[in-house]
Amino acid sequence: MNGSRISRRGLLKGSAGAALLAGGARPAYAAFDATSADNTDVLVLLYLRGAMDGLALLAPISGADRTAYELARPELALPLNGTDSAVPLPGTAFGMHQRAGLLRDLYLSNHLAIVHAAGLMGATPTRSHFDAQLTMELGTPGQQSIGSGWLTRHLESATNLPATIPIPAACASASAPASLLASTQAASMPSGSEFRLNGWHWSWDDADPNVPTMTPAATRLKNLWSHGDALDGHGQRASDALAIIRPMDFGAYAPANGAVYPNSGFGAQLRMIAQLIKNEAVGLRIATLDLGGWDTHESEGTPGASWNYFGNKVEELAQGLNAFYTDLAGAGGANYISRVNLVAISEFGRRLKENQSGGTDHGHGNLMLALGGAVNGGTLYGTFPGLAQEQLFEYEDLAITTDYRRVLSEALIRRMGNPNLGAIFPGYAGYSPMGIFQGTDLTPIYQAPQNAVFGDGFE
Amino acid sequence: MAASSPGPVSIGRRNLLGSLSAPPGSAPPPGVALRKPNTAATAKAPSASPTPPFAVRALSKMGFGPRPGDLAAFNALGANDDARHAAYVEQQLFPDALTDTEVDARLGIPAYQTLGKSLVQLWADHEGDTDNWLVRMRPIRELDCAAFVRACHSKRQLKEVLADFWHNHFNVFGWDWEAGPVFVHYDRDVIRPNLLGNFRTMLESVASSTAMLYMLDNQSSTVSGPNENYARELLELHTLGAENYKGVIDPTSVPTDGNGVAIGYVDNDVYEVTRAFTGWSVKNGHWQYPAENDGTFVYRSVWHDRFGKFVLGKLFAANQPDLKDGRDVLDRLAAHPGTARFVVRKLCRRLIGDAPSDALVNSVAALFQSQWQAPDQLRQVTRAILLSDDFKNTWGDKVRRPFETVVAFLRATAADYTWQPDDNDAQWAISEELSYRMELTGHRPHYWPAPNGYPDAKSRWLSTGTLAMTWKLVSRLVEFQNAGSFIINVLGQTQAALTAPNRTAAKIVDYWLDRILGYQPDATQRDELIAMLGQNAGAAEALDLSTDSWNGGNLKLHYTQSRLRTTVSLIGMMPEFMKR
């Protein structure tokens, strides 16, 4: 796989031919023929929207950092004693929120890795949710004009994927996130069971074996998006995605291995993704989903109190991720988790010092999580920069010591087998894996691809 | 259970196909794929998709599309398009002079109980109810439906478009636990009165509104415990915008204009603005003031940080009179050219296209700024945008977002149903299905949880999920029934428009294309619809619309009424219908 070249063939897509988005030319990517053995790993991106309070999920439990933590968070600090105390991670100076036990289980069984103090580097720091989320998902800190998401560029530049895949990327949402901006290979679907065109009167809705000469309405609809309108590509993709998903029965899905998903939208989305992964004919390689509600400026809640908003959220997160892992961790051919890699990220962390509304304000460095069968879990990665005043960013926040792209690059190379970092994260150099993921390192290709044609009917 | 594979799992293509595991019957249909090789043969040359007549364009961009009779009324306003447009714009810029009896009647039915309640009443009747969620949230449940009633039936179309815009600009999550019960006040008394008025006035109305004070936590912001949430979003979302955010840098390093006002803001400004708004709160029975509990705005001077503040390069003195710190900040922001450009560009993006011309933005921003104290500033600004050549000559730079598609379809088909909250647990009302499916599209009214409001970029609303869920909802609209009758009387309107011998597939399709699109699309589109409706009927053969039963051997007779409804719904799903 060393030295894979990126061909410079431009791509024409859809009915409108090549198009350039405002903001400049974008690179051309490899032809869609696989030049090497197909990679079947799945990368699942979970975005914790609103700036999750990493210091409340994983807190220092000893030393000078503990002292600083307690001083800064008289109300919100995870206690050291009692039934609601932080649960220590063995061999570390950190303890996890008591309600995140199911996450801790994953850590202790070496499936979950945690990265300290990660975040956006290489640009003027920002405490704007929207700014940070967007630049992170575009993969270009400090710049927002690139016009495509980093996952889009991964799918376009990968040379180890089949030329034809029914659904390479699925988003558990109504619209694709910015990480898949401009992708023509992503299907956004907020609900598996609803993702079919069965709202018409049944008589003309679907192909009927008793009426073989009938053209169903869904086919007519696709035809109406195939007669040369500039928007056609979007409608055709939606039609195709609907047709691909239609045979799947999401109501009948039974999680395996005793997995119990949380009874919430988040749980349903994880289930949907697991079901898609197990339906290998779909060919899923990328999945995205969000869990929001982390912007705890007020009433974050304290461990053990009747109001424990943050505790409820981490419990849902933990239950969801644990169920997802369990569901996919079967034996033999059902050992899907061996090729599934979930990365959880948030736009930034929250301030060390609590505010007077029982909450915390926008911060800087934060955790990243990595979960999967090929993850070297049970370890805290990266450098915790410390909570003494002079160690904090602007005397306020946990500093950042790991560029978030470093973690994602390692997943891209060691798991997805795609070394085209120059295309995926333009301007990012110095690939240096932390050992989070199992796999072979490839020589990264840092040069930006030439030749500016990329796009679909995207006027 | 960790697999210790040494590298990415590589399976030859043959092995992969051979070892595929999939539940029986769930495999995708062959040959359908999102990732596939692209060849020139599959790329279709764009046809010359016709541009709709001006009346259709105007009513689709500054409103939710025409209802029967609207196009004729528009065209009767003048001798040419420019004259008609100017007259229509002027009429729409004074919405309260247009009587809206239909909306008044529809929102006057018993199901609507809260729309007239004062803030104090809303607080007492709903905010105070912590046991019964349906009662507590009744105000937003009503607005969830009223949004459709108004957009569908109001003559004040521009006002409804602007209400949607300004609600999103000053977004409050409608189902927020604290803001939901008082949302009627936010909609009626804060957003709607100001949308053609003065931006500075709207800013203060929003800043002191109970809904926003809860949404962005300022009601708990005090000198001893300041909360920066509102201050940050005031700068980033409501006024200067992220484009004028200079990041976490030294405020004195930001360049200033001729008056010493910084050209952009930094985090330090967020903190200073936070201090300026400490004490802006709500009478909510706080333990320090337990007898004050009616939900109205209150300024608590003891909670206010009285010392001097340094905002956007200039100092505000210490110990200013009550409320003056916050008001001075709002003055500075409302008068700032950065605010003018940010807000105007956003409004142009809403009405014209995703990349409005700098020339237009700059000229209207100059107007915005020069008129920052005029009571009709926003009317002037909106007028300038609507009368611009950019507005008149642009088509298709935007797509309808799901709410707009649904409303436009309901208007064009003359749907007759008043959406309303339903308390009957025994059934799933069509209003409930509408809300449920709107949520799946990602565009349910007042349902965006973050303060930045729904995105307004064309690409965002062409995602597969959004299209799929919108299509599905449109297909359901023609099937919705109330008390045994379809809310969209496709059959009746078809029969009324065409006498029996004239009910050929072509004439029926043309009738509904005219009703829904307002113009003829490319011939291939028309042919597809005629094929759908006519099946094996001859070109001059009238269809029998009286039957709706099985006839699999003779498809022109196979569930004809359902086929008619399905065909009409397909018009509402065409790419042409999505454009604006």
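Couple of notes before you dig in:
Yes/no per residue for (1) under 20 Å from the mean Cα position of the chain (by Cα); (2) modelled with pLDDT under 95; (3) assigned to a loop (DSSP other than H, G, I, E, B); (4) within 14 Å of another protein chain (Cβ to nearest Cβ):
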{"site": "A:Gly91", "(1), (2), (3), (4)": "no, no, yes, no"}
{"site": "A:Gly101", "(1), (2), (3), (4)": "no, no, no, no"}
{"site": "A:Leu106", "(1), (2), (3), (4)": "yes, no, no, yes"}
{"site": "A:His116", "(1), (2), (3), (4)": "yes, no, no, no"}
{"site": "A:Thr126", "(1), (2), (3), (4)": "no, yes, yes, yes"}
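- Taking region B:551-570 as the range and being facing another protein chain (nearest Cβ under 8 Å) and basic (Lys, Arg) as the test, the residues that pass are B:Arg563, B:Arg565.
- Only one of the listed residues (A:Asp240, A:Asp249) is surrounded by fewer than 20 Cβ atoms within 10 Å (Cβ to Cβ), at pLDDT 95 or above and in contact with a Pro (Cβ under 9 Å, 6 or more places away or on another chain). That residue is A:Asp249.
- Residue within region B:241-257 that is closer than 23 Å to B:Phe173 by Cα and of a type outside the set (D, E, K, R) present: yes
- A:His227 satisfies every condition listed in (1) at the interface with chain B (Cβ under 7 Å from one of its Cβ atoms); (2) more than 19 Å from A:Pro166 (Cα to Cα); (3) buried (at least 20 other Cβ atoms within 10 Å of the Cβ); (4) touching a residue at least 40 places away in the same chain (Cβ under 8 Å) except (4).
- Pick from region A:331-350, criterion modelled with pLDDT of 95 or more and at the interface with chain B (Cβ under 7 Å from one of its Cβ atoms), ranking: nearest to the chain's Cα centre (by Cα): A:Arg339
- Applying the condition of being more than 17 Å from the chain's Cα centre (by Cα), of a type in the set (Asp, Glu) and not assigned by TED's automatic domain parsing to the domain that holds B:Val343 to region B:163-218 and asking which residue is surrounded by the fewest Cβ atoms within 10 Å (Cβ to Cβ) yields B:Asp189.
- Just one of the listed residues (B:Ala33, B:Ala22, B:Ala83) is in a loop (DSSP other than H, G, I, E, B) and at pLDDT 75 or above, and it is B:Ala33.
- Scanning region B:507-543 for residues that are over 30 Å from the mean Cα position of the chain (by Cα) and surrounded by fewer than 16 Cβ atoms within 10 Å (Cβ to Cβ) returns B:Ala523, B:Thr524, B:Asp527, B:Asn536, B:Gly538, B:Ala539, B:Ala540, B:Glu541.
- Filter result for the condition that a residue is within 13 Å of another protein chain (Cβ to nearest Cβ) and either within 30 Å of B:Leu216 (Cβ to Cβ) or at pLDDT below 95 (or both), over A:Phe393, A:Phe437: A:Phe393
- Counting only helices (runs of 4 or more DSSP H) that fall entirely inside region B:362-433 and contain at least 2 residues that are of a type in the set (A, V, I, L, M), closer than 23 Å to B:Phe64 by Cβ and touching a helix residue (DSSP H, G or I) at 6+ places or on another chain (Cβ under 9 Å), the qualifying elements are B:377-386, B:402-412.
- Test: A:Ala132 is in contact with a Gly (Cβ under 6 Å, 6 or more places away or on another chain), surrounded by fewer than 23 Cβ atoms within 10 Å (Cβ to Cβ), within 11 Å of another protein chain (Cβ to nearest Cβ) and not polar (S, T, N, Q): no
- The set of residues in region B:374-419 being out of contact with any Leu (no Cβ under 9 Å at 6 or more places or on another chain) and among the aromatic types (Phe, Trp, Tyr) consists of B:Trp395, B:Phe403.
- Among (1) in a helix (DSSP H, G or I); (2) of a type in the set (Lys, Arg); (3) crowded, with 22+ Cβ neighbours inside 10 Å - the single one B:Arg67 does not satisfy: (1)
- In region B:434-473, the residues that are of a type in the set (Phe, Trp, Tyr) and more than 8 Å from chain A (Cβ to nearest Cβ): B:Tyr436, B:Tyr447, B:Trp448, B:Tyr454
- Within region A:51-84, the residues that satisfy the criterion of being crowded, with 23+ Cβ neighbours inside 10 Å, not acidic (Asp, Glu) and not in a strand (DSSP E or B) are A:Ala51, A:Met52, A:Gly54, A:Leu55, A:Ala56, A:Leu57, A:Leu76, A:Leu78.
- The helices (runs of 4 or more DSSP H) found wholly in region B:187-271 and carrying at least 3 residues that are within 14 Å of chain A (Cβ to nearest Cβ) occupy B:210-215, B:229-233.
- In region A:297-314, of all residues being facing chain B (nearest Cβ under 10 Å) and not small (Gly, Ala, Ser), the one that is surrounded by the fewest Cβ atoms within 10 Å (Cβ to Cβ) corresponds to A:Glu298.
- Among the residues of region A:135-150, not one is surrounded by fewer than 20 Cβ atoms within 10 Å (Cβ to Cβ), within 11 Å of another protein chain (Cβ to nearest Cβ) and touching a residue at least 40 places away in the same chain (Cβ under 8 Å).
- On inspection, B:Gly258 passes the criterion of being surrounded by fewer than 16 Cβ atoms within 10 Å (Cβ to Cβ), out of contact with any Pro (no Cβ under 9 Å at 6 or more places or on another chain) and at negative phi.
- Residue in region A:205-214 that is surrounded by fewer than 24 Cβ atoms within 10 Å (Cβ to Cβ), assigned to a loop (DSSP other than H, G, I, E, B) and in contact (Cβ under 8 Å) with a residue 60 or more places away in the chain present: no
So that you can scan it fast, the table gives a plain yes or no per residue for (1) in contact (Cβ under 8 Å) with a residue 40 or more places away in the chain; (2) assigned to a helix (DSSP H, G or I):
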site	(1), (2)
B:Asn536	no, no
B:Lys556	no, yes
B:Leu564	yes, yes
B:Met573	yes, no
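- A:Met272 fulfils the conditions (1) at the interface with chain B (Cβ under 8 Å from one of its Cβ atoms); (2) crowded, with 23+ Cβ neighbours inside 10 Å except for a single criterion, (1).
- In summary, A:Ala281 fulfils each of the numbered conditions (1) at pLDDT 95 or above; (2) facing another protein chain (nearest Cβ under 10 Å) with the single exception of condition (1).
- Single residue of region A:179-204 satisfying the filter (part of a loop (DSSP other than H, G, I, E, B) and among the polar types (S, T, N, Q)) that is surrounded by the most Cβ atoms within 10 Å (Cβ to Cβ): A:Ser183
The values are calculated or read from the model by the stated rules, or taken from the named source; none is laboratory data. All figures in this text were calculated on a predicted structure; none of them were measured in a lab. So basically every Cβ, Gly included, is an ideal-geometry build from the backbone, and we count neighbours across all protein chains shown.
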